[in-house]
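Here is the structure we will look at, set down as structure tokens.
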Amino acid sequence: MGKGGLKSAGDKREGDGASPIGAWPVRRVYYRPDKGPAPETGLPVIALKPGDGWCDDPGEAFYNRLVPLPCPGSHERLWREDGLYDLVAELGFNDDPVNAGKGSAIFLHVARPGYLPTEGCVALAEADLREVLKRLGGGSVIEIRV
């Protein structure tokens, strides 16, 4: 979970490091094709490209969206060297509608060694993440709870 602990969705803010409590639809899965095979899942699957990013700048029109890099505002690079986003599922938090500053890029992704805290995401070992993704399809949700 996030280094900022758990927060109710209404209290979530950009950059607070908290994971939002609630049940979030799983939108799609991204993976690095140079690091492993596409996951088995009933969700839409997208191969990442080196120029893919995620906008986390509340002042930008594409806040909390996949963006091509370079991006003028603050963003995360999805093609990372640390392996965290080699396999990542996009959770539908603050995306329908998007509210600027209420939090972005809440993902289910590969965990750091030792399961160190995330920036607000949920993380699993890659093998476990692949097993979870096998069970997901349209309408699936991930619940973050106390």
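Of the residues Pro58, Pro50, which single one is closer than 16 Å to Glu14 by Cβ and either among the hydroxyl-bearing types (Ser, Thr, Tyr) or more than 15 Å from the chain's Cα centre (by Cα) (or both)?
Checking each option against the conditions leaves just Pro58.
Any residue that is free of Cβ contacts under 8 Å to residues at least 12 places away in the same chain, assigned to a loop (DSSP other than H, G, I, E, B) and not polar (S, T, N, Q) - is there at least one of those in region 44-62? Yes, because at least one residue in region 44-62 is free of Cβ contacts under 8 Å to residues at least 12 places away in the same chain, assigned to a loop (DSSP other than H, G, I, E, B) and not polar (S, T, N, Q). Note on region 1-36: residues that are more than 27 Å from Arg135 (Cα to Cα), touching a residue at least 60 places away in the same chain (Cβ under 8 Å) and not small (Gly, Ala, Ser) amount to 5. Just one of the numbered conditions (1) at positive phi; (2) crowded, with 18+ Cβ neighbours inside 10 Å is not true of Gly139: (2). Among the residues of region 100-134, count how many are in a loop (DSSP other than H, G, I, E, B) and in contact with a Pro (Cβ under 7 Å, 6 or more places away or on another chain). Summing the residues that are in a loop (DSSP other than H, G, I, E, B) and in contact with a Pro (Cβ under 7 Å, 6 or more places away or on another chain) in region 100-134 gives 4.
Does region 135-143 include one or more residues that are part of a loop (DSSP other than H, G, I, E, B), closer than 22 Å to Asp56 by Cα and not β-branched (Val, Ile, Thr)? No, that holds for no residue.
Results for (1) at pLDDT 95 or above; (2) loosely packed, with under 13 Cβ neighbours inside 10 Å; (3) of a type in the set (S, T, N, Q), shown as yes or no for each residue.
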position: Ser8; (1), (2), (3): yes, yes, yes
position: Arg13; (1), (2), (3): yes, no, no
position: Ala23; (1), (2), (3): yes, yes, no
position: Arg27; (1), (2), (3): yes, no, no
position: Tyr31; (1), (2), (3): yes, no, no
position: Asp34; (1), (2), (3): yes, yes, no
position: Gly42; (1), (2), (3): yes, no, no
position: Val88; (1), (2), (3): yes, no, no
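The residues on offer are Glu143, Glu90, and the sole one that is out of contact with any His (no Cβ under 9 Å at 6 or more places or on another chain) and under 21 Å from Val45 (Cβ atoms) is Glu90.
Looking across Pro39, Pro97, Pro72, one residue alone is part of a loop (DSSP other than H, G, I, E, B), more than 20 Å from Ser19 (Cβ to Cβ) and in contact (Cβ under 8 Å) with a residue 60 or more places away in the chain. It is Pro39. When the criteria are applied in full, Glu60 meets the requirement of being surrounded by 14 or more Cβ atoms within 10 Å (Cβ to Cβ), in contact with a His (Cβ under 9 Å, 6 or more places away or on another chain) and not hydroxyl-bearing (Ser, Thr, Tyr).
The values are calculated or read from the model by the stated rules, or taken from the named source; none is laboratory data. In this text, all values refer to a predicted model and were calculated from it rather than measured experimentally. Every residue, glycine as well, gets a Cβ built from its backbone with ideal geometry; the counts of neighbours run over all protein chains shown.
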